[in-house]
Structure formats: structure tokens, C-alpha cells
Amino acid sequence: MIEDNNKVIHPLPQKIKRNNFAPGEIIMDTISLSSIQYIGNNALWIDVNPPTHLKYQKEQDHFNNIAFIV
């Protein structure tokens, strides 16, 4: 999701990996999007395995699945 300069959240399409992650597996991916319509400082939030999505595996800790890029 994109958090715009006014702290408004704009969802982005979800991309779901078909197979489960193996323990210790590292996945590298690329995302391309335009933020031209969002004036000012924006942030990109990435959530791998969001707890509210029913297709994802429940985990003991969720903090290590989130990235925040300004």
C-alpha cells in the first residue's frame, strides 16, 4: 500500500506466491508503480503474509514480515 503525504492509505493489487515458503527461504521480487498522483512525501508499505488474509499461514510473530520504504 502507499501512504500519501496526508497519511491516507491507498491499497495496491496483491500478488500471491503459489507455493509456501520453505524455512529460511529468501524471495527477491520487483515492484513497479507510479506515485505521480501522490504529491509530497509518500511511503510504500510491504506486508508479506498479512494476518487478515485467509490464504496466508498464521505465524507466531508478524513484525518480521513488514517493510516500510520512504
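Readers should treat all values here as calculations from the given coordinates under stated rules, not as data from a laboratory. For clarity, every value in this text was computed on a predicted model and none was experimentally measured. Cβ placement follows ideal geometry from the backbone for every residue including glycine, while neighbour counts extend to all protein chains displayed.
What order do you get for 2-8, 33-39 when each peptide is scored by the mean count of other beta carbon atoms within 10 Å, highest first?
2-8, 33-39
Along the Cα→Cβ direction, 7 angstrom out, place labels at I26 and K7. What is the inter-label distance in nm?
Spacing of the two 7 Å Cα→Cβ label points: 3.5 nm.
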